[in-house]
Amino acid sequence: VCSLNDLKDNYSKKKNVSGDENVLLQDYIEGIDFNVLTKFKDNSYEIIASWDEIIGIEENKHIKAVGLYSPSKVFDDNNLIKKIKEILDKFNNLLTFERYIVAFSFRVDNNGNIFLIEIHIDFLGDSIAEKLLPHSSTKFDFFEIVINFLLKKESIEMIKFDRSLLIYENDKLYGNQQLSESIVLLEKEKQNSNLIELSYLEYLKNCKELL
């Protein structure tokens with residue numbers, strides 16, 4: 001919905017198919033999508049992996065999933081990490097798990113505000129567990145780690161992840177890159193896919209290279 005006329009048209013359509021004729025309207029939050037995989041055990045938690053979702057806008061205003069980047073560049077900002085942990089603290093206080101693995105999806109806007117979008121207690125998807133994270137670290141076998149952890153066979157140790165970029169269009173992984181190399185690849189993807197907006201590309205351009 002990009003105009004008042006679009007809103008009126010879509011509102012009528014949604015109302016007609018609504019079971020109680022109520023329609024929920026929400027503002028779209030511009031920002032960067034990122035995720036954290038979190039281990040909960042005995043009323044405490046630990047973030048064990050992170051990744052960013054790369055989203056583009058097509059000419060018809062449709063949203064397109066472009067790819068993934070791991071580990072999350074959001075985690076270079078200590079102020080944002082503090083805000084993330086405040087949300088996880090609340091979740092940990094509300095629900096107590098003996099042991100469980102949970103993935104949280106967030107969005108951070110241009111003002112540094114963080115919004116919790118989704119909570120996943122499944123085996124993820126979108127090539128995250130089977131491609132991206134194992135490519136970022138050869139020590140990371142998501143399914144083996146999670147199953148053994150839940151069965152109390154072993155704990156999850158901190159794993160170091162190398163930077164990896166996954167482009168969905170060609171289903172190709174790029175690893176151990178300089179930040180500038182990822183920027184070039186995303187610029188090509190934006191051009192090849194005729195995207196009018198790729199906010200993550202601009203986000204990376206404003207990030208500092210890690211030493």
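The values are calculated or read from the model by the stated rules, or taken from the named source; none is laboratory data. In this text the structure is predicted, and so the values were computed from the model without any measurement. As a convention, Cβ positions derive from the backbone with ideal geometry for all residues, glycine included, and neighbour counts pool all protein chains shown. Surface accessibility is based on the protein's heavy atoms, side chains included, excluding ligands, DNA and RNA. Shrake-Rupley method; radii C 1.70, N 1.55, O 1.52, S 1.80 Å.
Quick notes
- Hz values of 3J(HN,Hα) by residue in the range 34-43 - Karplus curve (6.51, -1.76, 1.60), Gly and Pro given as x: 9, 9, 10, 9, 10, 9, 10, 7, 6, 6
- Listed residues Glu30, Glu187, Glu21, most fluctuating in the chain (Gaussian network, C-alpha, under 10 Å): Glu21
- Scanning the chain for trypsin sites (Lys or Arg not before Pro) in DSSP loops with at most 15 neighbouring Cβ atoms within 10 Å leaves 62-138 as the longest stretch between them.
- Distant alpha-carbon pairs in the chain (separation over 28 angstrom), percent: 36 percent
- If the Kirkwood radius is taken over C-alpha pairs of the range 98-151, then at 20 °C and 1.002 mPa s the Stokes-Einstein diffusion coefficient equals 166 µm²/s.
- Within the listed set Ser12, Ser193, Ser127, the Gaussian network model of the chain (springs between alpha-carbon atoms below 10 Å) gives the highest mean-square fluctuation for Ser12.
- Computing FRET efficiency as 1/(1 + (r/R0)^6) for Ser137 and Asp6, where r is the C-beta to C-beta distance and R0 is 35 Å, gives about 0.20.
- Cross-link partners of Lys205 among lysines, defined as those whose alpha carbon lies under 29 angstrom from its own and excluding same-chain residues fewer than eight positions apart: Lys61, Lys64, Lys73, Lys82, Lys83, Lys85, Lys131, Lys160, Lys172, Lys188, Lys190.
- Extension gain for Tyr168-Asn60 works out to 36.9 nm (0.36 nm per residue, less the C-alpha to C-alpha distance).
- Karplus-derived 3J(HN,Hα) values for the range 189-200, using 6.51 cos²θ - 1.76 cosθ + 1.60 with θ = phi - 60°, are 5, 4, 6, 5, 8, 6, 7, 8, 8, 9, 4, 5 Hz; glycine and proline are entered as x.
- FRET efficiency for the pair Phe75 and Ile117, taken as 1/(1 + (r/R0)^6) with r the Cβ-Cβ distance and R0 = 22 Å, rounds to 0.85.
- Built amide H within the under 5 Å cut-off of Ile117, gap 5+: Ser105, Phe106, Arg107
- Probe 1.4 Å, all protein chains present, accessible-area order of Leu150, Leu94, largest first: Leu94, Leu150
- Cα-Cα pairs of the range 78-172 separated by more than 20 Å (percent): 52 percent
- Amide H partners (placed H, <5 Å) of Gln177, local residues excluded: Arg163
- Using a probe of 1.4 angstrom and keeping all protein chains present, the accessible surface of the chain works out to 61 square angstrom per residue.
- Percent carbon-and-sulfur accessible area, the range 137-193, ignoring ligands, DNA and RNA, probe 1.4 Å: 48 percent
- Loop-resident GluC sites (Glu not before Pro) (DSSP state other than H, G, I, E or B) in the range 97-141 with no more than 14 further Cβ atoms inside 10 Å of their Cβ: Glu98.
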